[in-house]
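Visitor: Encoded as structure tokens, here's the structure I'll be asking about.
The values are calculated or read from the model by the stated rules, or taken from the named source; none is laboratory data. Just so you know, these numbers come straight off a predicted model, no measurement behind them. Heads up, the Cβs are rebuilt from the backbone with ideal geometry, glycines too, and the neighbour counts pull from every protein chain shown. We work out accessible area using only protein heavy atoms, side chains counted, and drop any ligands, DNA or RNA first. Shrake-Rupley method; radii C 1.70, N 1.55, O 1.52, S 1.80 Å.
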Amino acid sequence: MADASNATVPPPGAAADWTIPQDWAHYTAEEHATWDTLFARQAKLLPGRASNAWLRGLDVLKLSKPGIPDFAELSDRLMALTGWQVVAVPGLVPDDVFFEHMANRRFVAGNFIRRPDQLDYLQEPDVFHDVFGHVPMLADPVFADYLEAYGRGGLRAMEHDALKYLGRLYWYTVEFGLIAEPEGLRIYGSGIVSSYAESRFALEDASPHRLKFDIARVMRTAYRIDDFQQNYFVIPSFDELLRATVETDFAPLYEALKQQPEIAVAEIVSEDEVITRGTQQYAASRPGALG
């Protein structure tokens with residue numbers, strides 16, 4: 001939950017690294033019930049749609065307490081598996097804070113949950129998006145290494161004035177990534193797995209393009225935050241995603257990207273390996289949202 005704003009001072013009650021106590025005991029019965037409703041709905045929907053790694057990681061969320069996970073107990077499980085922990089923050093945090101936590105295997109998560117009338121859409125990530133969406137993948141050793149590498153890369157990208165490009169990589173992998181598995185395309189991005197509607201749209205709708213992942217192409221590609229995606233990028237494996245990340249020399253890549261035009265949302269270029277060419281019918285039917 002990085003924030004591109006100019007905030008530099010933690011809000012009252014937050015530590016110098018912007019963390020706050022989760023204060024699990026203060027969640028209400030209604031808040032726990034909201035988590036349980038969302039959890040049950042997605043857990044039923046995602047087998048056959050989510051990646052094998054995400055489905056394996058779902059078990060880390062099945063803790064001893066009902067409702068919203070206790071971050072302390074969750075962190076104990078993750079630490080034993082991959083060395084990660086989950087820390088609560090009051091909301092969006094500055095870029096450097098976000099990357100510093102990630103580079104040290106600390107995943108920042110909001111500690112609030114949406115209202116019952118917001119089950120299907122929330123503009124700012126809440127604890128369901130952050131924990132249900134992201135944490136299962138933190139239990140996968142390869143993806144856990146990828147996120148640590150991403151955090152280190154983010155700190156370096158700040159020195160190159162290149163956060164725009166690295167942000168696109170996060171968006172199209174961590175948030176909205178697809179993976180090709182033997183059984184077919186599957187979801188691993190948290191923005192999809194935590195969304196009842198997009199979990200189906202990303203895989204089953206004819207509207208979006210699904211393109212083979214290429215790190216430079218992804219970094220040139222614009223994205224939207226206000227609706228379903230018009231492009232999804234498909235990785236062949238998490239090992240390949242990690243390899244592409246750690247073997248890329250990003251400094252010259254950033255300089256090259258600065259000399260190249262941005263690729264618009266929904267645009268297909270000659271170098272693309274197209275897995276499915278979308279109709280873009282959904283986008284065309286919603287000019288107010290996607291025009």
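Visitor: Return the FRET efficiency for the residue pair residue 281, residue 80: r is the Cβ-Cβ distance, R0 is 45 Å, and the value is rounded to the nearest 0.05.
Guide: 0.45
Visitor: How far apart, in nm, are two points set 7 Å out from the Cα along the Cα-to-Cβ line at residue 96 and at residue 124?
Guide: 2.3
Visitor: Convert each backbone phi in segment 185-197 into a coupling constant with the Karplus relation 6.51 cos²θ - 1.76 cosθ + 1.60 (shift: θ = phi - 60°), then list the ³J(HN,Hα) values in order as whole Hz, x for Gly and Pro.
Guide: With the stated coefficients, segment 185-197 comes to 5, 9, 8, 9, x, 5, x, 8, 5, 8, 10, 4, 6 Hz.
Visitor: Calculate one ³J(HN,Hα) per residue across segment 83-90 by plugging θ = phi - 60° into the Karplus curve 6.51 cos²θ - 1.76 cosθ + 1.60, and present them in order as whole Hz with x for glycine and proline.
Guide: After applying 6.51 cos²θ - 1.76 cosθ + 1.60, I find x, 9, 9, 10, 10, 7, 9, x Hz.
Visitor: Under 30 Å between alpha carbons, and skipping anything fewer than 8 positions from residue 44 in its own chain: which lysines qualify?
Guide: 62, 65, 212
Visitor: Describe numerically, in nm with one decimal, the distance between label points set 7 Å from Cα along Cα→Cβ at residue 52 and at residue 237.
Guide: 1.1
Visitor: Taking the alpha-carbon centroid of each part, what is the distance from segment 41-117 to segment 213-291 in angstrom?
Guide: Result: 26 Å between the Cα centres.
Visitor: What does the C-alpha gyration tensor say about the overall shape of segment 61-185? Classify as rounded when a/c is under 1.5, otherwise prolate if a/b is larger than b/c, or oblate.
Guide: Rounded, because the longest to shortest axis ratio a/c is under 1.5.
Visitor: A further question follows. What distance in nm separates the two pseudo spin-label positions at residue 181 and residue 226, each 7 Å out from Cα along the beta-carbon direction?
Guide: 3.4
Visitor: Could you work out the relative contact order of segment 1-146? I mean the mean sequence separation of Cα pairs under 8 Å and 6+ apart, divided by the number of residues, in percent.
Guide: 33
Visitor: If you don't mind, another one. Return the carbon/sulfur percentage of the accessible area of the chain, one whole number, probe 1.4 Å, all protein chains in place. Could the numbers behind the result be given before it?
Guide: Working: 6720 of 12930 Å².
Percent of accessible area from carbon and sulfur atoms in the chain: 52.
Visitor: Quick query: amide H of residue 108 versus all other amide H atoms, modeled in the peptide plane; which residues come in under 5 Å with a sequence gap of 5 or more or a different chain?
Guide: When sequence neighbours closer than 5 places are left aside, the close amide H contacts are 87.
Visitor: Right, here's the next one. Return the whole-Å distance between the Cα centroid of segment 123-155 and the Cα centroid of segment 158-186.
Guide: Taking the Cα centre of segment 158-186 as reference, the centre of segment 123-155 is 11 Å away.
Visitor: Can you work out the accessible area per residue across segment 164-207, with the rest of the protein chains kept in place, probe 1.4 Å, in square angstrom?
Guide: The answer is 29 Å² per residue.
Visitor: Looking at the chain, what % of its DSSP beta bridges pair antiparallel, to the nearest 5?
Guide: 30
Visitor: Here's something else I'd like to know. Per residue, what accessible area does segment 233-274 have, given a 1.4 Å probe and all protein chains present, in Å²?
Guide: Here the residues of segment 233-274 average 56 Å² of exposed surface.
Visitor: Given only helices, namely DSSP H runs of n ≥ 4 each adding -39500 (n - 2.57), what is the per-residue ellipticity at 222 nm of the chain, to the nearest 500 deg cm²/dmol?
Guide: Theoretical 222 nm ellipticity from helices: -11500 deg cm²/dmol.
Visitor: May I pose another question? Could you work out how much longer the chain between residue 196 and residue 159 gets when fully extended? Use 0.36 nm per residue separation minus the Cα distance between them, nm to one decimal.
Guide: Working it through step by step, the gained length comes to 9.5 nm.
Visitor: Using a Förster distance of 45 angstrom, determine the FRET efficiency expected from the C-beta separation of residue 260 and residue 73, and round it to 0.05.
Guide: Details: r = 47 Å, r/R0 = 1.03.
Efficiency for this residue pair is about 0.45.
Visitor: Taking 51 Å as R0, compute the FRET efficiency from the Cβ-Cβ separation of residue 115 and residue 270 and round it to 0.05.
Guide: 0.65
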